[in-house]
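Heads up: the structure comes next, in structure tokens.
The values are calculated or read from the model by the stated rules, or taken from the named source; none is laboratory data. Quick caveat, the model's predicted, so the values are computed rather than measured. Cβ placement follows ideal geometry from the backbone for every residue including glycine, while neighbour counts extend to all protein chains displayed.
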């Protein structure tokens, strides 16, 4: 096998928009570089590339542009390239409508104003830059390939990631109801503490890098543009290992953050908590790497399927009601913000009543990475792991595009609710979307044949119990 790692910078310039909220925000300082971290893995002549991108999300057009360059320059099929956004909320202007996207609207001037001036909007030059930098990272990684052995292992870090949705005494479900809220009954969903690690090693034991999968929002909040806790994860691993690269693929973290609403600890945000989350996950990854049994992880393969998923309808009655709110209220009212979203979705649905959802499987021996472009609830990730016949199955969300939140059917039910299901451009899919993505992911995984899991050296039992004794373990003489 051959493996190569490389990194390319995608740090936004100071003054660029910072996505992640319903109102505009801007990067005023830079805490740490945002990167596209790439690994190319070759086995039996087949090559795949995995890219961990320090972005809130990534546009499908950006990934397709990068894939085209990669295929032209390296011959790696575009369908073999997976680009997963880490979901850091301190990255560059990638999300939102492009200028002219609402030229068809009932009132183009109003909708363009809502989309460009009152919402997070992308920077077109930055989109092109990121696309080229993704390609650059993969091309460099391909050029740097060298003979390697790979390892696979898993650990658990259960103390840094928590479900942010709760069932309340009034029968509703709330997102972040507040620490120690007396009306909390229980979390409304599970967590996934698994830390999956694919290690890559030179034949002499030197560390090339690793792929890490963990499930948690990138919302800890370093001060400035940042990869968030992923920055500290990388420092922890590369510092202990004396170098190498770390590719992070975030799991199904649509309802998972670092905030523990059942704890009386201070708010888990800011640089201290960013460091704690990253270093704890990194320390667990190091424990996995310490137990590595490097070998060939074969076969290497990739498959994908494109789904068409319908968006939710904004009825004419609701559209008129929300439009009236937009015209009569102000952005300081959160109801205005969701009214803006409903108006924009109503008009977007005229030209895009369904989204393209790429579900992708990348196999590395006994490991399969299953990606989708949604911000999926954690339960879907756990279901996929349980239903996959691979011994190691890892979900990468917000990969190869962005189609918004993918909540569970219960979240849409009569006792559901919360921010994630409230209709918006970031939450626009039909309730069946999650099950469609789960079923397709499982079908892709189960269409592949898992490779062997490397085993460490074993000893044969000695049939003669007397010869099996260590001489010093014999019974002592009687006093």
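Per-structure values
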quantity	calculated
Check on residue 29, in contact (Cβ under 8 Å) with a residue 40 or more places away in the chain and within 23 Å of the chain's Cα centre (by Cα)	no
Criterion violated by residue 221 - all others in (1) farther than 30 Å from residue 296 by Cβ; (2) modelled with pLDDT of 95 or more satisfied	(2)
Some residue of region 382-391 being assigned to a loop (DSSP other than H, G, I, E, B), out of contact with any strand residue (DSSP E or B) (no Cβ under 9 Å at 6 or more places or on another chain) and at pLDDT 95 or above	yes
Qualifying residue in region 434-452 (condition: exposed (fewer than 14 other Cβ atoms within 10 Å of the Cβ) and without any contact (Cβ under 8 Å) to a residue 12 or more places away in the chain)	no
Pair list, Cβ under 7 Å, 6 or more apart: region 316-336 residue closer than 22 Å to residue 418 by Cα, other residue exposed (fewer than 14 other Cβ atoms within 10 Å of the Cβ) and at pLDDT 95 or above	none
Any hit, region 79-90, residues being in a loop (DSSP other than H, G, I, E, B) and either over 16 Å from the mean Cα position of the chain (by Cα) or without any contact (Cβ under 8 Å) to a residue 40 or more places away in the chain (or both)	no
Any hit, region 384-402, residues being within 30 Å of residue 335 (Cα to Cα) and touching a helix residue (DSSP H, G or I) at 6+ places or on another chain (Cβ under 7 Å)	yes
Index of the failed condition, residue 292 passing every other in (1) closer than 29 Å to residue 401 by Cβ; (2) in the same structural domain as residue 113 (by TED's automatic domain parsing)	(1)
Residue in region 117-135 that is over 27 Å from residue 17 (Cα atoms) and surrounded by fewer than 23 Cβ atoms within 10 Å (Cβ to Cβ) present	no
Flag for residue 381 being within 20 Å of residue 86 (Cβ to Cβ), under 19 Å from the mean Cα position of the chain (by Cα), touching a residue at least 24 places away in the same chain (Cβ under 8 Å) and not assigned by TED's automatic domain parsing to the domain that holds residue 156	no
When residues of region 185-219 are limited to those that are in contact with a helix residue (DSSP H, G or I) (Cβ under 7 Å, 6 or more places away or on another chain) and in a strand (DSSP E or B), the one nearest to residue 258 (Cα to Cα)	218
Unmet requirement for residue 154, which otherwise passes all of (1) touching a helix residue (DSSP H, G or I) at 6+ places or on another chain (Cβ under 9 Å); (2) in contact (Cβ under 8 Å) with a residue 24 or more places away in the chain; (3) more than 30 Å from residue 241 (Cβ to Cβ); (4) surrounded by fewer than 21 Cβ atoms within 10 Å (Cβ to Cβ)	(3)
Unmet criterion (only one of (1) at pLDDT 95 or above; (2) more than 23 Å from residue 451 (Cβ to Cβ)) for residue 417	(1)
Which listed residue, of 63, 51, 39, 58, is assigned to a strand (DSSP E or B) and under 25 Å from residue 355 (Cα atoms)	51
Any strands (runs of 3 or more DSSP E) falling wholly within region 266-373 and containing at least 3 residues that are surrounded by fewer than 19 Cβ atoms within 10 Å (Cβ to Cβ) and on the phi < 0 side of the Ramachandran plot	300-310
Residue within region 392-404 that is surrounded by 18 or more Cβ atoms within 10 Å (Cβ to Cβ), within 15 Å of the chain's Cα centre (by Cα) and more than 30 Å from residue 199 (Cα to Cα) present	yes
Counted residues, region 29-47 - those being surrounded by fewer than 24 Cβ atoms within 10 Å (Cβ to Cβ) and either more than 21 Å from residue 230 (Cα to Cα) or at pLDDT below 95 (or both)	6
